[in-house]
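Chemist: The structure under discussion is supplied below as structure tokens; questions concerning it will follow.
Bear in mind that the values in this text are calculations on the coordinates, not laboratory data. Everything numeric in this text was worked out from a predicted model, so none of it was measured. No Cβ is skipped: glycine too gets one built from the backbone with ideal geometry, and neighbour counts run over all protein chains shown.
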Amino acid sequence: MSSPFSAHLRTNYRPTDDEREGIDNFLVEPRARLREIDEQIEKLRTERADITAQIQAHEALKSPIRCLPDDLLQEIFLHCLSAERNPAMSAVEAPVLLGRICGAWRLLVFSTPALWSRIHIVEPLSGATSLIPAAEVRKTKAAKRVAAAKAWLERSGNYPLSISFHQKNTPFDGLPTNATAHVAYHRTELLRIMVKHSLRWAKVEFSFPLQDREMFEDLSHLAVKDVPLLKSFRLKSTNQINAGTIPWTSLRFLQTPTLKSFFVSFGGLAMDLKNIHIRWNQLTTLEIAESPGAEFPAHEILSILDKCPALRWCQLTLPQWPRYLHTQQAVHSQSTKILCPELRRLGISGTFEILSSLFCPQLRHLVIGEIRDEYSIPRDHNEMSDIGPLLHILSSSSLLEIFNCRATISKANLGIVFRALPPALLKLGIFDDPSNPQVDDELLHDLAEQQRCPLLEDIYFYKYRRPVPRLEEPVRVL
């Protein structure tokens with residue numbers, strides 16, 4: 001379309017007033033055509049969107065996930081569950097989430113008992129401090145949680161169960177009497193629902209205030225015949241308790257011959273563990289975790305380990321012995337040595353002295369000290385001033401492949417520890433304090449020059465206040 005102003009286009013020409021009016025008159029027709037084109041484009045876009053949606057809807061009918069047989073789809077559903085913990089009773093994770101995708105999946109999820117054979121139950125509003133205004137809310141939520149837990153376990157069919165139950169220490173001060181009764185009722189009702197399915201217990205973990213007699217009373221009704229499948233039992237107190245007040249003898253079901261794994265944490269006395277009726281000689285996994293205020297004499301811990309000849313995995317998080325100097329002397333003065341013939345993995349913090357009494361000929365993995373997370377400063381009881389016990393366990397564990405030292409050791413002592421490392425070592429983890437470094441190039445050079453560990457592949461450094469390399473992330477390869 002020719003323009004009377006073509007000679008002036010793309011120049012700095014300044015039109016007159018008459019010419020400006022002429023330009024507007026000339027553009028009437030092009031502007032009208034442009035509107036027509038825009039309308040056509042919008043119409044085509046709408047048509048395109050409709051066609052695209054129709055194509056996608058039809059292609060979705062033949063998507064691979066719709067072609068999978070139910071048994072394969074069920075297997076995929078099972079892999080949606082966390083491998084690290086039991087699934088929570090939440091709509092944002094499997095298996096509940098899977099049942100909200102479509103009607104067909106919902107039916108399949110509800111007809112797959114294995115999906116419901118694991119459950120993590122938390123008492124609603126457990127540990128809340130604003131109790132008075134939350135009394136009715138607590139009552140309602142507790143009732144719903146009881147109903148949901150009951151339905152969940154019923155869907156599990158005859159499958160062995162993995163159950164974890166957590167309830168914090170809830171103060172009742174300020175609660176109306178009727179609200180207190182409802183809270184206590186629903187708390188024990190949740191436990192009774194779990195006890196009802198004890199014949200299918202495989203792995204069970206309870207975390208609640210151990211001074212709660214009603215909780216223990218419900219467990220006391222269980223006998224060995226009521227837990228024929230129980231393999232793992234974990235018990236943790238969610239509050240500090242008075243030693244000697246736990247009715248351990250009432251837990252008769254722990255004598256079951258199927259129990260292989262046992263964990264306890266209660267901040268009490270070592271002698272309390274002697275009151276637990278359990279077949280120590282059949283345990284393959286043992287974990288004892290105690291608060292710094294607990295009194296655990298070394299000889300008591302050693303007597304427990306002596307009862308566990310089949311132990312393959314052991315974790316001891318114990319108090320710091322300097323508070324009980326007599327226990328240290330007892331360890332060093334003992335002539336009896338404890339043989340752990342099958343132990344493959346040992347983790348210990350706080351009570352390093354007992355290492356001098358242990359013989360672990362099959363030990364493959366040793367963890368000394370504890371770092372809770374990658375930013376935390378190691379606990380005080382991770383400091384190791386006497387490396388004698390550590391040298392003993394290293395010299396008597398010729399098959400050791402992984403050694404993680406998360407305790408604080410002086411540079412001089414660390415050099416001695418390096419010289420005691422067994423030849424079979426593959427991975428070495430060392431805690432190095434940035435404010436007072438123990439590891440330097442000279443120490444690492446000596447380690448390489450000595451050819452003490454010809455199979456060593458990775459060295460890891462644990463530090464705080466910055467991300468810590470995990471065992472999957474080698475820092476330095478020798």
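Chemist: May I ask you to derive the FRET efficiency for residue 214 and residue 310 from their Cβ-Cβ distance with R0 = 35 Å, giving the value to the nearest 0.05?
Modeler: Calculated transfer efficiency: 0.50.
Chemist: Based only on other Cβ atoms within 10 Å, what is the fewest-to-most ordering of 418, 165?
Modeler: Sorted ascending by nearby Cβ count, the order is 418, 165.
Chemist: What residues of segment 389-414 lie in the reach of a label at residue 362, counting those whose backbone N is under 18 Å from a point 7 Å from the Cα along Cα→Cβ?
Modeler: 396-402
Chemist: Would you order 139, 411 from fewest to most other beta-carbon atoms within 10 Å of each residue's own beta-carbon?
Modeler: Listed from fewest to most nearby Cβ atoms, that is 411, 139.
Chemist: If each residue of separation counts as 0.36 nm, what is the full-extension length gain between residue 59 and residue 339 once their alpha-carbon separation is subtracted?
Modeler: My answer for the length gained is 94.3 nm.
Chemist: Can you put 198, 250, 349 in order of Cβ neighbours within 10 angstrom, beginning with the fewest?
Modeler: Sorted ascending by nearby Cβ count, the order is 250, 198, 349.
Chemist: For the pair residue 143 and residue 32, how long in nm is the line joining their label points, each one 7 Å along Cα→Cβ?
Modeler: Placing both labels 7 Å beyond Cα along the Cβ direction yields 7.3 nm.
Chemist: Given R₀ = 56 Å, FRET efficiency for residue 88-residue 410 by Cβ-Cβ distance, to 0.05?
Modeler: Efficiency at R0 = 56 Å is approximately 0.80.
Chemist: Between residue 49 and residue 234, 0.36 nm times their residue separation minus their Cα-Cα distance comes to what?
Modeler: Once the chain is fully extended between residue 49 and residue 234, it gains 60.9 nm.
Chemist: Counting other C-beta atoms within 10 Å, and keeping those with at most 16, which DSSP coil trypsin sites (Lys or Arg not before Pro) do you find in segment 64-103?
Modeler: Those that pass, being in a loop and sparsely packed, are 85.
Chemist: On full extension of the chain, what length is gained from residue 249 through residue 105, given 0.36 nm per residue of separation minus the C-alpha to C-alpha distance?
Modeler: 47.2 nm
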